[in-house]
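Here is the structure we will look at.
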Amino acid sequence: MNSETRVNQRFPKDMMALVKKILPLARERLVTITDDAPLTEAAKSIDGSHHNLVIICNKSGVMVGIVTRTDVVRQMSLCQGCGCNAIVGTVMTKDVICCHPDELLQDVWSLMREKGFLHVPIVDDDFRPLGVINERDALLILFEEKGYDEALLRDYVMGVGYR
């Protein structure tokens, strides 16, 4: 039995946090540019505090890749002369792991831990970006959920609210 099965047996799906619970925070981290934009535009968007990756979209607004801070630094180190004229579409990561709002946040967080990702894009069914999950934010939501369950159990055992 894998850990996902154990988690889902202990808590019914309707009692577990879904990705859509984190959407308000995830929207704050969303930065998109088109695949024909210069890499320097992506570099300007990665400010180090909240935006550590940029979602690259085609003209229709569909996600076609991502550019991370590492991608920007790697490409800039290859540039010659006073400027870098690379287009994000030539530098971006095309094989992107993403999630949907109705997925279990626990599953997405587990995948992030397994793959070593700090951020994962949230997309709709048409792969239009909705936000970016940050590992720390996901963990805080999961702890909040767990803390709430523990508080209910403690109150039940102590007889609080039951007379």
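The values are calculated or read from the model by the stated rules, or taken from the named source; none is laboratory data. Remember, it's a predicted structure, so these values are computed and weren't measured experimentally. Note that we place each Cβ from the backbone using ideal geometry, even for glycine, and neighbour counts take in every protein chain shown. Surface accessibility is based on the protein's heavy atoms, side chains included, excluding ligands, DNA and RNA. Shrake-Rupley method; radii C 1.70, N 1.55, O 1.52, S 1.80 Å.
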Problem set entry | Hits in the range 19-34 - residues which are β-branched (Val, Ile, Thr) and closer than 20 Å to Glu145 by Cβ | Val19, Ile22
Exercise. Within the range 16-26, can one find any residue that is of a type outside the set (D, E, K, R) and modelled with pLDDT under 90?
Worked result: yes
Exercise. Can you tell which of Ile55, Ile33 is open to solvent by less than 20 Å² (accessible area, probe 1.4 Å) and within 16 Å of the chain's Cα centre (by Cα)?
Worked result: Ile55
